[in-house]
Each structure stands twice: as C-alpha cells, then as structure tokens.
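Here's the structure, in structure tokens; my notes come after.
The values are calculated or read from the model by the stated rules, or taken from the named source; none is laboratory data. In this text, all values refer to a predicted model and were calculated from it rather than measured experimentally. Here the Cβ is made from the backbone with ideal geometry for all residues, glycine too, and neighbour counts use every protein chain on show. To get the accessible areas, we keep the full protein, side chains included, count just its heavy atoms, and leave off ligands, DNA and RNA. Shrake-Rupley method; radii C 1.70, N 1.55, O 1.52, S 1.80 Å.
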Amino acid sequence: MRSVDANGHPIAYELKGTGTPIVLIAGTGYPSATWPPDLVAALAKHHAVLTFDHRGTGKTPPSPEPYSTRLFAADAIGLLDALALERAHVLGHSMGGRVAQWMALDRPERIRTLVLAASGPGQFREDRPVTRGVPVHTAVELIEKGYERYMREHIRATFFTPEFARERPDVVDSLHAAFWRDRPDVENYLRHVVARQEHQTADRLKDIRVPTLVLIGDRDTAAMGTGVHTEQSDYLLRHIAGATQRVVEGASHGLFWQAPERTVEILLEWTAAH
C-alpha cells in the first residue's frame, strides 16, 4: 500500500483499475484488507477502485483527536483530492455507509453516487435510543472472551447466516484472518465503535441530493450496536430523496462476502446507469 497526506494525516491506500473512481469505505475498525479480493478485482475491470485504511487500522497510524464518522469522511474526501480523482461513486459498508453520508452532505460536488450498504442514520426513534459510547454488551463480551475470540465469533454471528457459516467456514475464517492481520489495537477499535455509536444524520438525510442506492441483505436482522440494519435501511430509503433499494436475498450483514457475485452485479448495474 501507498500513503499520502489527506486531511492533515497520512492515509494508507490502494488504487486498482482505471475508469470512473469508486471508493470502498469499510466498517467499524475494519482495515481495507478485509474487502473481498474477487469483489475488488471485478470492480477494477470497470473502475478505478480506491480502498484505504481508516485512522488506527492497517497501515494508517492513529491520531489523538476524537474519532467520528465526519472526521473519517473528511479523510476520504482528502484522499480523493490528494490523488486528483474525479467525482466518485462512494460505497460504504456499515459504519462506512455512515461515513459516506457525511461525504455527500459536506462535499456533494465530489460525489457521483452513494451506495449505503447495511448502514443507518443513527437514532431515528425515541423509543429505541442508540447508546452513545461503547455498548455494554460489547464491553462485556470483549472482557470475557478477549479481543480475538470476540471478533471471530462476532463476524461469524453477524456477517453470515448460520447455514452459510456452516457450509462455508473458509469464507468466515478468511474474513476474520484478514481483519486480524491488520487489526486496530483494542483502544482504536473501541474508538471506532464510539464513532459509529455517536453518528447522527437522521435529521439531515433530506439534504442528501446525490443519487443513492440503499443495499441490504434480507437476513441482516440481528440487533447490533445501532439497532437492526434492515429497519435502518428502510429509514434511509424513505428519507433520502429519490433513493433506490436493492435487497440481496439470503444475505446477512456481510453481503459482500456472502454473495460477492450478486453484489458485484448490482453495483455494476448501478454505476453503469449513473
């Protein structure tokens, strides 16, 4: 990977392929090495595919200021600017989709389209408050299980359906291994968790004016730190003007890892139309 100063901080990145750029933004604490190689390779046949390590993950060093999805958005925009890339399609998975929302709100002229995959807007119901900070269940499991076991079990339980995890343990293990090789330390992982939990754009979605695809697996129904992602995705669809939704049948939170061929097909149809 190479590194460039973006938003006043060195950001490690990879750029593969040529054509209209597409930026892939990973989720909570996930380094860029966790993106499925086959997905990146398929997209790179049609696009310049930009992946990068968030602060404190992979080869990007941490920084002392509080992490936030808005800070990560400024990093991604800074990276586009530093590399002199044209307006880009921006695909964000989970927390990465929250980062992408801020990119579209703060610098819409740099965004061609948004793909908000398995993501959400923060709290949008008074009767379902979102924990601001590290959720207690996350802290308890990390302490009781340890970091490595926690991540291994969390990935298996939330990214994949039970039947897929039983039939394709190699895919589950590969994602965990990729995370673990380039993992943030525990402190930076928890700082990413806080950034995700503090994200709040529900009242700003009406201001997103770029074409938006909401992508979700129909089995992404586990109640996680910010709630249930199918419900959050439905909220995004209803409150972003002109948004389109595509549902990946049989897929859970890790739809890109569980259904790579189908997700590539959807993404290329989307980018070809925009």
Check your understanding: Once a ≥ b ≥ c are taken as the square roots of the eigenvalues of the Cα gyration tensor of the stretch 21-130, is the result rounded (a/c under 1.5), prolate (a/b larger than b/c) or oblate (a/b not larger than b/c)?
Key -> rounded
Exercise for review: Report ³J(HN,Hα) in whole Hz for each residue of the stretch 9-16, in order, from the Karplus equation J = 6.51 cos²θ - 1.76 cosθ + 1.60 where θ = phi - 60°; Gly and Pro get x.
Suggested key: 8, x, 10, 7, 8, 9, 10, 10
Exercise for review: Could you give me the percent of Cα pairs per 10 Å distance bin for the chain, shortest bin first, beginning at zero and ending with the bin that holds the maximum distance?
Suggested key: 7, 32, 40, 19, 1
Check your understanding: Does the stretch 207-274 classify as rounded, prolate or oblate by the C-alpha gyration tensor (a ≥ b ≥ c root eigenvalues; a/c under 1.5 gives rounded; else a/b over b/c gives prolate, otherwise oblate)?
Key -> oblate
Review point. About its Cα centre, how strong a charge dipole does the stretch 1-160 have in debye, to the nearest 20, once Lys and Arg get +1 and Asp and Glu get -1 at the Cβ?
Key: 220 debye
Practice item. Compare the peptides 33-44, 99-110 by average per-residue count of other Cβ atoms within 10 angstrom and give them in order, highest first. Key: 99-110, 33-44
Exercise for review: State whether the stretch 31-87 is rounded, prolate or oblate according to the following rule on the C-alpha gyration tensor (a ≥ b ≥ c being the square roots of its eigenvalues): a/c under 1.5 gives rounded; otherwise a/b larger than b/c gives prolate, and the remaining case gives oblate.
Suggested key: oblate
Review point. Given a Förster radius of 41 Å and the C-beta distance between Ala272 and Val4 as r, what FRET efficiency does 1/(1 + (r/R0)^6) yield to the nearest 0.05?
Key: 0.90
Study note, to complete from the structure: Taking a straight Cα-to-Cα line shorter than 16 Å from Lys45, and setting aside same-chain lysines fewer than 8 residues away, one finds Lys16
**Study point:** Summed residue charge, Cβ within 11 Å of Leu213's Cβ, Lys/Arg positive, Asp/Glu negative
**Key:** 0
Review point. Tally Lys/Arg at +1 and Asp/Glu at -1 over every other residue whose Cβ is under 14 Å from the Cβ of Trp257; what's the total?
Key: -2
**Study point:** Packing-based order for 62-74, 189-201, using average beta carbon neighbours within 10 Å, highest first
**Key:** 189-201, 62-74
Check your understanding: Tell me, what % of the accessible area of the stretch 66-169 is carbon and sulfur with a 1.4 angstrom probe?
Key -> 52 percent
Revision key, fill the gap. Note, Asp185: beta-carbon cut-off 14 Å, +1 each Lys/Arg, -1 each Asp/Glu, net +1
**Study point:** Residue among Ala104, Gly250, Ile11 farthest towards the positive dipole end of the chain, charges placed on Cβ
**Key:** Ala104
Study note, to complete from the structure: Residue-normalised value, i.e. accessible area per residue, for the chain at 1.4 Å probe, in Å², stands at 41 Å²
Review point. Do the sum for the chain: with -39,500 (n - 2.57) for every DSSP H run of n ≥ 4, divided by all residues, what is the mean residue ellipticity at 222 nm, to the nearest 500 deg cm²/dmol?
Key: -13000 deg cm²/dmol
